[in-house]
Structures are given as structure tokens and as C-alpha cells.
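**Student:** What follows is a single structure, and I will ask about it in a moment.
The values are calculated or read from the model by the stated rules, or taken from the named source; none is laboratory data. The model shown is predicted, which means the values in this text are computed figures rather than measured ones. Here the Cβ positions follow ideal geometry from the backbone for every residue, glycine too, while neighbour counts run over all protein chains shown.
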Amino acid sequence: MLQKGPYYITTAIAYTSGKPHIGNCYEIILADAIARYKKADGFDVHFQTGSDEHGQKIETRAIEEGMTPKEFVDMTAGTIKELWDMMGTSYDRFIRTTDADHERQIQKIFKKLYDQGDIYKSSYEGKYCTECEAFYTETQLADGRCPVCGGAVHDEKEEAYFFKMKKYADRLIEHINTHPEFIQPVSRKNEMMNNFLLPGLQDLCVSRTSFKWGIPVDFDEKHVVYVWLDALSNYITGIGYDADGESGDLYKKYWPADLHLIGKDIIRFHTIYWPIFLMALGEPLPKQVFGHPWLLQGGEKMSKSKGNVIYVDDMINIFGLDAVRYFVLHEMPYENDGTITWELMVERVNSDLANTLGNLVNRTVAMSNKYFGGTVADKGVAVPEIDDEMKAFVSGAYARVEEDMDTLHVADALTEIFAVFKRLNKYIDETEPWVLAKDEAKKDRLSTVLYNLCEGIRIGASILAPFLPTTAGKIAEQLGSTLIDFDGLSVFGPAEGRSFTVTEKPEILFARLDKEEILKKAEEVQSRQREEFIEHQKKAFANLIAAGRMTKEEAEAKMAELTGAPADTTCCSEGIDIEPKATISYDDFAKLQFQVGEILACEEVKKSKKLLCSQVKVGSKTLQIVSGIKQHYTAEEMVGKKVMVLTNLAPATLAGIESQGMLLCAEDENGELALVVPEKAMPSGAEIC
């Protein structure tokens, strides 16, 4: 293999606030596929990932768990690393920002920047998002909320050190303009230029005093280094950078990084803050920062509180590792967000993996065994108008894939690889081996056809290996062969004839899945996750109350928001008594029909201070229901909720609008209302009995 030089690729380091879901895990799978591809393509690859472990949010999460911050990040970083290993990622270093070598270099970097006048002490007053650990000006907010996560912000004032961002802004703008490949996709570059750089940069807060869980500023220990200067610098500290000028061989070999692979939500930090930090340190900038899109669950971001989170270990247990890798790599567009659903996953496994690839390999191995006892050779009996076009298409695949991978169009690269397998399936239809087998005079032609199929599959599997390494290895084993080095992929077969001796018993690479069975498993998984999340939050709120970080009333409100009902007595009120109504018979009760409904849309009733009008899906019907809960819920909050509905209530007209049922609510002694919702995930229309 021709050696092409060093290649350094990094992911964003995962924040240790909790277990990553499949959307978070997409990035590490993508990075691993790129790293493996580059290595197979002749590059000397160094692949770094890791965990981001400091900050106010971590300090709060630790309190929720009843742990010290270090105990908490040790646990969570361990979980992240286990998941990365479970997905077969081939990283060279998993760096933690609590690693001693990293912490020492951060202190030295901070001091160096301070000594040369890039950092100064002042005080900050502005809007702060705890979830994103970021400050914003009023003009940067979106409807008064965090422009990144959409969460609440609060006023924050404290003494802090600041970095002089304006000092380097013009130099960064010039670099971006003269290096069009630096920020990709282009839409991300335009966003950074138009929304942040061209309007003018504010100096950046780089230390905090309101919490202690961070790397201390060693010359002013009241301060800890703020998360972005700490976290971003991992890309150089992890390969031996030294702020005193004694950087190691690894750093000298691999920096500047060839690719920082990150989510689009943190593109600002990587394309503005990080390059400016590097300029101040006198170090070269990374060659490219790629802000990949998000993987959404059914079109919306995953959230534990919504109950729509999918975890990669659950998916691997149900579908297998390579099926999960294939799905997330294939379904994510280059620039726009991708969608994952259990139904779509089943569809892709059955159509692409089980049918196009699995069935191709199985049929080829089975026919080789049936007609030739497992050994097929190239007998040179060709039908040029059929064979030559197929061979040209297959041997040209590497060049097409290389073009896609050079521009990080990974999904397109996978499509090109599976086009090879589709072309080979077509070749079976064109040559009809079962017909050739009936004529002894065509035995050499049959052997040549089966040899061509084996060689074509071997070429396709060799290109597939970086993306689905386990599957590619299994294919090679079934063919009784080895995978081909990338510099040999452009030729179909060796100059001299050869043969394949396939396995006697072909293994099914991907079994077809029953959609209803998978959906049942998915419902069980998500129901369990929802229950575990609610129980976890109860304990977390209790710990926050005990630590003085949350009031009992705040905990009750949070639990009501999560469940539609108050939390248990670990963090809620003692209960209330109401005036009892007259006793009724079971026959009276049986006349009432209660069902689970899903709110599809909701809007305020004009000229009414109390009413909301909801469109509620109940089974195959949609009911219009008017409810006096406007003071307790916004129309936006209602959409997507599963609620309990009285469905056989006689229609009534409220504020000129027909209401076709009633939403069930609970009311406390203060007149506060909470919708009654099912404890577990239940389908729309389910009877409440």
C-alpha cells in the first residue's frame, strides 16, 4: 500500500452529563468510518476522542446523583468509553479533561495567554445558559431563550477573566476567506461569518468563580478555567502539545489536525473561539472543521423528558452492530438533519442488508457449493457485452467512493458501495447460473460467472470494510479469501486466473426482521427507559432539595411537567382532601368512556382568557376539545402530549366552538391544574378502564 502521510482526525469530546443517545453516538461512528477509510487508503492515521468533564452542569449532576464531581465523571466517562468500544471504534486515545497531563497544560496555556496580554480580569453581567455553559447578549437570544438549546437563560454577574477576541477577528476572517475548505459545509461558514464575525466579536469569558468544579487558574485560585478554553485545547494537549515550547514528537507529526468532526450546534466554538486561541498561541489552525447535522427521532430532537430517546446499546442488542453503523452512516445527509425511527431501521435492514447484500452473498456461496463443490475458477469463458460492463462498473467503484470520501459525503459513498452489490445481483439475473448448470457444455461459463460474482463481492466488501468492518470480514471468510488493499481495487481480478474456495455452510449475514415484533420490543425498551428516567428524576430532585439547590415547590413543578402528575412524597406535598360527591353504581361509571388521546395541534381561543382548542387523535378519530387550561399550559406545550380523554361526552359549544370531549386534569388546593397522562407509553385510542 502506497503511504500517503499522517492524518489526524478528532471528534468533539462527549460531555459527561449523562449517557449518550444514538444521535450523540452518530459522530463517533462517522469519525471511525473516516479514520478506518483513511488508514485503508494509505494514511498514517491518529484518531482522538474523549470526554469533557468540567463545568457547572457537571457539578449539579453530581449533586443529583449524591456523588462528588470526580466520582460522577469517572462513572459517566466510563459509560461513554464502554459505548465507544461497543461500537467498535478504533480511536488511538480517549482523552479525559481530568487527565493530569491535560490539566497541567491548560494551566500553562492560560498563564501564557495572560502574560502576553490576551487575557485580562474584569467582571461579567449578562445572560447565561447553564445547559450550554455559555453567555449570550440580549441580541443573541432567540425569543428570550438560548439560541442553541432553546432553554431558559438567567442573569449572571461575577468576576471573570476575559479573552480579547477582537484582537484576532480580522485575521480569522481573512483565513476563512482564503481557505474555503476550512469550514464545511459552506452553509456553516456563512452562518459564522454573517451572524458572529462580521457583526463584531465580544470578548470571551474564560474563567468562572461561581462554581469550583474546573481546572484552577494557578495564579488566581478563586477562578477555574471556563469550559471552552479547557475542552477545546484537548485537540493539542492529547497529542503532546506543551505551552513552554517543548511539544512532543506526536504533536510535531500530526498537528495541524486534518479534520475536527463536530455537531453543528458547537460550530461557533470550533470555528471562532478555537482558531483564535491557536492564533494567540502561535500555532497553525486545523485544516478543516466539519459541522455535521443532527440525527432526529421522527423529526424532533431526542429528549429523555419526551420519552423519545434511542440508545445505541439497545439498538445493537436488537439489530446488531453493523446494522446500526450502516443505518446512521447511510441515513445522514451531508448537510441537513437525518431521521431515525424503528420502522425505518427495519426497512433498511430488510431491503439493503438482508436482501441486496446478504442474499447476494448467500446465493453466490450456495451456488458455488452446489455446482462445483465449493471451488470456482476463472475459466476465461466470457460474454463481453455482459461481463465487461459489470467488471468496469465494479472496478470503478473505488474511484467514485474516493471522490465522495474526499468531500466527506459518507452517505453517498455507502450508496456507491451498495450500487456494486445491486449490480452483481443484476449480473445473476443476466447470466442465470441455474440455466447454465443444466448444460454440461456451459460448465466453464458457469464457473466463470460464479468466479466473477465472488471477485465482485470481494471488491465491494473491501471498500465496505471501513464502514461495516465485521460484515466485511465475514464476507471474506465465506469467500475463503482476504480483502483487497485499496491500491488494488481498480482492477477486476489478477492478471492470471485464480479461484475461490467458499465456505461449506454460508452464514446468513443479516436476517429479515418482522416489523411488528421489532416495534413491540421498541415499545418495551422505551417504556422501561421512561420509567427509569422518572424514578431517576425523583431521586435527583430529592438530592437537590437536600443540598439546598432546589425547593420542594420547584421539584413538584418539575415532576408535574415530566409526568403530568405530582411526584411522590420524596419531594412533594402531603396531599389534599376534597368534598366527596354522591356514591354512584358501577353501571353509572360504565357509561363513561375514557381513552388515551394524542394532541396533534392546539391553539388559543381568541377573546377568551381561559380556553385552548386542541385537536386530539383518539384511535382513528380526531376530536376537537376545548379546555379551560390556558392559564396553566401554552398551546405549544400541549402539542405532542398523551392525555386521558372522556370521549363520549355530549358535544358542547364553548366561545362559539364545538367541543367533542373532555381532557382529564388534576387540581390542587391553589387551583393549579395538571393534565392526567398515562404513566407508561400507550397508543392513541387505548381504553382507560
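**Student:** Looking only at segment 268-315, how many residues end up being closer than 24 Å to residue 45 by Cβ and β-branched (Val, Ile, Thr)?
**Tutor:** Within segment 268-315, residues that are closer than 24 Å to residue 45 by Cβ and β-branched (Val, Ile, Thr) number 3.
**Student:** Something else about it: When you look at residue 326, is it at pLDDT below 95 and under 30 Å from residue 20 (Cα atoms), yes or no?
**Tutor:** In short, no.
**Student:** What helices (runs of 4 or more DSSP H), lying completely within segment 220-319, carry at least 3 residues that are touching a helix residue (DSSP H, G or I) at 6+ places or on another chain (Cβ under 6 Å) and of a type in the set (A, V, I, L, M)?
**Tutor:** Fully inside segment 220-319 and qualifying: 274-281, 312-319.
**Student:** Please work out which residue is surrounded by the most Cβ atoms within 10 Å (Cβ to Cβ), limiting yourself to segment 405-450 and to residues that are over 30 Å from residue 292 (Cα atoms) and small (Gly, Ala, Ser).
**Tutor:** Quick first cut of segment 405-450, residues over 30 Å from residue 292 (Cα atoms) only: 423-450.
Those left that are additionally small (Gly, Ala, Ser): 437, 441, 447.
Working: 437: 16, 441: 7, 447: 23.
That would be 447.
**Student:** Another question, if that's okay. Can residue 375 be described as surrounded by fewer than 18 Cβ atoms within 10 Å (Cβ to Cβ) and closer than 23 Å to residue 26 by Cβ?
**Tutor:** Answer is no for this residue.
**Student:** Sticking with this structure for a sec: For residue 366, state whether it is small (Gly, Ala, Ser) and buried (at least 16 other Cβ atoms within 10 Å of the Cβ).
**Tutor:** On the way: small (Gly, Ala, Ser): yes; buried (at least 16 other Cβ atoms within 10 Å of the Cβ): no.
No.
**Student:** Taking segment 489-503 as the region of interest, how many residues are surrounded by fewer than 21 Cβ atoms within 10 Å (Cβ to Cβ) and either more than 18 Å from residue 378 (Cα to Cα) or in contact (Cβ under 8 Å) with a residue 60 or more places away in the chain (or both)? Walk me through it before giving the result.
**Tutor:** From segment 489-503, those surrounded by fewer than 21 Cβ atoms within 10 Å (Cβ to Cβ) are 490-499, 501, 503; that's our starting set.
Pick out the ones that are also either more than 18 Å from residue 378 (Cα to Cα) or in contact (Cβ under 8 Å) with a residue 60 or more places away in the chain (or both) and you get 490-493, 497-499, 501, 503.
Qualifying residue count for the region: 9.
**Student:** Please give the number of the condition residue 542 fails out of (1) free of Cβ contacts under 8 Å to residues at least 40 places away in the same chain; (2) surrounded by fewer than 19 Cβ atoms within 10 Å (Cβ to Cβ).
**Tutor:** With (1) free of Cβ contacts under 8 Å to residues at least 40 places away in the same chain; (2) surrounded by fewer than 19 Cβ atoms within 10 Å (Cβ to Cβ) applied to residue 542, the lone miss is (2).
**Student:** Are any of the residues in segment 460-470 closer than 13 Å to residue 360 by Cα and either in contact with a Lys or Arg (Cβ under 6 Å, 6 or more places away or on another chain) or not hydrophobic (A, V, I, L, M, F, W, C) (or both)?
**Tutor:** yes
**Student:** If residue 26 meets every condition in (1) in contact (Cβ under 8 Å) with a residue 12 or more places away in the chain; (2) over 21 Å from residue 309 (Cα atoms) apart from one, which number is that one?
**Tutor:** The failed condition is (2).
**Student:** Okay, moving on. Is it the case that some residue within segment 285-295 is small (Gly, Ala, Ser), within 30 Å of residue 256 (Cβ to Cβ) and either surrounded by 18 or more Cβ atoms within 10 Å (Cβ to Cβ) or modelled with pLDDT of 95 or more (or both)?
**Tutor:** Within segment 285-295, one or more residues are small (Gly, Ala, Ser), within 30 Å of residue 256 (Cβ to Cβ) and either surrounded by 18 or more Cβ atoms within 10 Å (Cβ to Cβ) or modelled with pLDDT of 95 or more (or both).
**Student:** Oh, and also: Could you please find all residues in segment 122-173 being buried (at least 17 other Cβ atoms within 10 Å of the Cβ) and at positive phi?
**Tutor:** 133
**Student:** Something else: Select from segment 334-363 the residues that are in contact with a His (Cβ under 8 Å, 6 or more places away or on another chain) and over 30 Å from residue 289 (Cβ atoms) and list them in ascending order.
**Tutor:** Going through segment 334-363, the residues in contact with a His (Cβ under 8 Å, 6 or more places away or on another chain) turn out to be 334, 348, 352.
Matches in segment 334-363: 352 only.
**Student:** Considering 456, 473, 460, which residue is in the same structural domain as residue 377 (by TED's automatic domain parsing), without any contact (Cβ under 8 Å) to a residue 12 or more places away in the chain and closer than 30 Å to residue 409 by Cα?
**Tutor:** Only one candidate passes the filter, namely 473.
**Student:** Residues 528, 512: which one is of a type in the set (Lys, Arg), assigned to a helix (DSSP H, G or I) and either out of contact with any helix residue (DSSP H, G or I) (no Cβ under 7 Å at 6 or more places or on another chain) or closer than 25 Å to residue 341 by Cβ (or both)?
**Tutor:** 528
**Student:** So the check is Cβ under 6 Å with 6+ separation or different chains; which pairs have a first residue in segment 151-178 that's free of Cβ contacts under 8 Å to residues at least 40 places away in the same chain and a second one that's in a helix (DSSP H, G or I) and buried (at least 17 other Cβ atoms within 10 Å of the Cβ)?
**Tutor:** Note: pairs meeting the criteria are 173/197.
**Student:** In the list 686, 601, which residue meets the criterion of being of a type outside the set (Ser, Thr, Tyr), more than 16 Å from residue 561 (Cβ to Cβ) and touching a residue at least 60 places away in the same chain (Cβ under 8 Å)?
**Tutor:** Details: 601 fails: touching a residue at least 60 places away in the same chain (Cβ under 8 Å).
One residue alone meets the criteria, 686.
Okay, residues lined up against (1) closer than 21 Å to residue 158 by Cα; (2) aliphatic (A, V, I, L, M):
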residue: 101; (1), (2): no, no
residue: 104; (1), (2): no, no
residue: 122; (1), (2): yes, no
residue: 127; (1), (2): yes, no
residue: 134; (1), (2): yes, yes
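**Student:** If you go through segment 473-502 one residue at a time, how many are more than 32 Å from the chain's Cα centre (by Cα), farther than 22 Å from residue 389 by Cα and either in a loop (DSSP other than H, G, I, E, B) or among the aliphatic types (A, V, I, L, M) (or both)?
**Tutor:** Residues that pass the stated criteria total 5.
**Student:** Another question, if that's okay. Is it the case, given these coordinates, that residue 95 is of a type outside the set (Ser, Thr, Tyr), in a strand (DSSP E or B) and surrounded by 16 or more Cβ atoms within 10 Å (Cβ to Cβ)? Break it down stepwise before answering.
**Tutor:** Details: of a type outside the set (Ser, Thr, Tyr): yes; in a strand (DSSP E or B): yes; surrounded by 16 or more Cβ atoms within 10 Å (Cβ to Cβ): yes.
Yes; evaluated as a whole, the condition is true for this residue.
**Student:** Right, here's the next one. Among the listed residues 82, 71, 27, identify the single one that is in a helix (DSSP H, G or I), closer than 30 Å to residue 205 by Cβ, out of contact with any Ser or Thr (no Cβ under 9 Å at 6 or more places or on another chain) and of a type outside the set (A, V, I, L, M).
**Tutor:** Within the list 82, 71, 27, the selection yields 71.
**Student:** Shifting gears a bit: Looking at residue 159, is it in a strand (DSSP E or B), over 23 Å from the mean Cα position of the chain (by Cα) and acidic (Asp, Glu)?
**Tutor:** yes
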